[in-house]
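What follows is a set of notes on a single structure, which appears directly below.
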Amino acid sequence: MASPSTPSTTASQACWTVAPGRAEIRSEVLPPLASGEVRVRTLHTGVSRGTESLVFRGEVPASEAQRMRAPFQAGEFPGPVKYGYVNVGVVEAGPADLLGKAVFCLYPHQTVYQVPVQAMVPLPAGVPAARAVLAANLETAINALWDAAPRIGNRISVVGGGTLGLLVAWLAARLPGCEVQVVDTESGRADVARALGAGFALPGDARAEADLVVHTSGQGAGLATALRLAAFEATVLELSWYGSRSISVPLGEAFHSQRLTLKSSQVGQVATAQRGRWSHRRRVELALSLLTDPVLDRLITHSAPFHELPTVLERLSTGAADTLCHRIDHPI
């Protein structure tokens with residue numbers, strides 16, 4: 001058990017995946033704040049459904065253990081590991097001009113933490129802290145559309161109506177003339193898709209002949225649907241990450257005769273077309289600036305206090321189809 005904090009140190013708690021399928025809250029003591037650092041007291045964190053569930057289940061392949069490290073991860077896969085990258089808090093120590101500011105940081109689920117000043121990004125005016133937990137998913141959606149390069153007037157299908165897929169659809173629906181349809185097995189996603197400016201269909205009713213298909217469902221069946229919906233010489237952009245799981249992909253059907261392109265996208269690198277001019281920080285700033293729209297609150301379907309996070313991770317890792325973004329609220 002951690003020793004009590006002193007005037008020069010700070011007590012904190014963090015969530016660790018201690019073994020596949022099991023997490024716990026651990027105490028620690030932060031060292032004295034170093035020059036050039038800020039201390040942030042967390043208000044909210046968000047659970048990244050796809051990646052964090054894979055981490056929780058111990059499904060990060062050994063070959064990807066280094067590439068999949070979060071910026072401030074502690075420990076190693078499969079565990080014990082302190083993982084996460086959706087953290088919104090308030091600066092409580094550091095440079096005077098930052099005190100009291102709400103900030104976003106790619107930090108794990110921890111009640112208080114210390115990072116270099118440049119590692120956190122202040123929230124823009126008009127972006128509530130509770131909504132800012134969508135920033136990491138929105139950054140991924142932005143990068144995906146940079147990779148996909150949709151054109152004005154495209155018919156765009158998004159297969160997988162989770163948080164990421166719906167954010168992709170929301171961005172794409174704002175492009176002039178584009179017709180966007182979200183495809184998901186959960187009919188309950190229809191209302192939120194329409195609120196975001198997109199249509200909705202179950203897989204069997206989805207519109208074919210899409211100019212661009214973005215796949216985010218994390219399931220092999222979803223990727224098969226994405227390939228089926230793609231028009232001649234269209235691109236299918238794969239955003240799902242399967243970890244150590246193998247999936248079956250029907251490349252023996254119309255894949256070759258339709259001359260389809262199956263392309264991967266991953267947020268760890270800025271999309272190729274933008275990389276010469278955009279940094280990771282600038283991309284985060286863009287994502288945060290777009291979170292002023294209150295309609296996006298519909299994507300945060302669940303919340304829970306920090307001490308319940310181990311139970312939340314267990315529930316999300318086994319399904320929880322009713323959940324989009326699950327926000328974790330930290331003690332103040």
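For the range 152-161, 3J(HN,Hα) computed residue by residue from phi via the Karplus equation (6.51, -1.76, 1.60; θ = phi - 60°) reads 4, x, 5, 8, 10, 10, 10, 8, x, x Hz, glycine and proline entered as x.
Once you sort the root eigenvalues of the Cα gyration tensor of the chain as a ≥ b ≥ c, which label holds: rounded (a/c under 1.5), prolate (a/b larger than b/c) or oblate (the other case)? It is prolate, given that a/c is not under 1.5 and a/b is the larger ratio. Close amide H pairs (under 5 Å, H built 1.01 Å from N) link ARG327 with HIS302, SER303, ALA304, residues at least 5 positions away or on another chain. Panel order for PHE104, PHE200, PHE72, by other beta carbons found within 10 Å of each beta carbon, from fewest to most: PHE72, PHE200, PHE104. The stretch between GLU64 and TRP278 holds 74.6 nm of extra length on full extension. This uses 0.36 nm per residue minus the Cα-Cα distance. Which residue fluctuates most in the GNM of the chain (Cα springs below 10 Å): LEU316, LEU262, LEU237? In this elastic network of the chain, the residue with the biggest mean-square fluctuation among LEU316, LEU262, LEU237 is LEU262. Only helices enter this figure: runs of n ≥ 4 DSSP H residues, each worth -39500 (n - 2.57), summed and divided by the residues of the chain, yield -6000 deg cm²/dmol at 222 nm to the nearest 500. Multiplying the residue separation of THR311 and ALA11 by 0.36 nm and subtracting their alpha-carbon distance yields 105.7 nm. In order along the range 182-195, phi translates into HN-Hα couplings of 8, 10, 8, 7, 9, 5, x, 7, 4, 4, 5, 4, 5, 4 Hz, rounded to whole numbers, per the Karplus curve 6.51 cos²θ - 1.76 cosθ + 1.60 with θ = phi - 60° and x for Gly and Pro. Between THR318, THR185, THR42, the Gaussian network model of the chain with springs among Cα atoms under 10 angstrom shows the greatest mean-square fluctuation at THR318.
Between VAL18 and ALA321, the distance separating the two model label sites (each 7 Å from Cα on the Cα→Cβ line) works out to 3.3 nm. In plain terms, the residue of VAL88, VAL81 with the fewest other Cβ atoms within 10 Å comes first and the most crowded comes last, giving VAL81, VAL88. What is the percent of Cα-Cα separations in the range 137-274 that go past 23 Å? Summing the P(r) tail past 23 Å for the range 137-274 gives 25 percent.
DSSP bridge analysis restricted to the chain gives an antiparallel fraction near 55%, rounded to the nearest 5. Derived scalar couplings between HN and Hα for the range 95-100 equal x, 4, 6, 9, 4, x Hz in order, rounded to whole Hz, by the Karplus curve 6.51 cos²θ - 1.76 cosθ + 1.60 (θ = phi - 60°), x for Gly and Pro. Ranked by how many other Cβ atoms sit within 10 Å of their own Cβ, fewest first, the residues GLU253, GLU37 fall in the order GLU253, GLU37. Database remark: amide H of TYR107 closer than 5 angstrom to the amide H of VAL86, ASN87 (H placed geometrically; neighbours at sequence offset of 5 or more, or on other chains; Pro and chain starts carry no H). Shape descriptor for the range 27-125: Rg over Rh equals 1.01 (Cα atoms; Rh from the Kirkwood inverse mean 1/r).
Taking a point 7 Å out from the Cα of GLU179 in the direction of its Cβ, the residues of the range 151-169 whose backbone N falls within less than 15 Å of it are 152-158.
A straight chain from ILE25 to ASP293 at 0.36 nm per residue would run longer than the Cα-Cα distance by 93.1 nm. When the chain is treated as a GNM with alpha-carbon contacts under 10 Å, the residue of LEU98, LEU171, LEU227 showing the greatest mean-square fluctuation is LEU98. If you model the range 63-174 as an ellipsoid using its alpha carbon gyration tensor, with each semi-axis the square root of five times an eigenvalue, the axes come out at 29, 21, 11 Å, biggest first.
For VAL112, the residues 5 or more places off, or on other chains, whose built amide H falls under 5 Å of its own are GLN13, THR42.
Every number here is computed from the coordinates shown, using simple stated rules; none is lab data. Just so you know, these numbers come straight off a predicted model, no measurement behind them. When we count neighbours, we look across all protein chains shown, and the Cβ atoms used for this are built from the backbone with ideal geometry, even at glycine.
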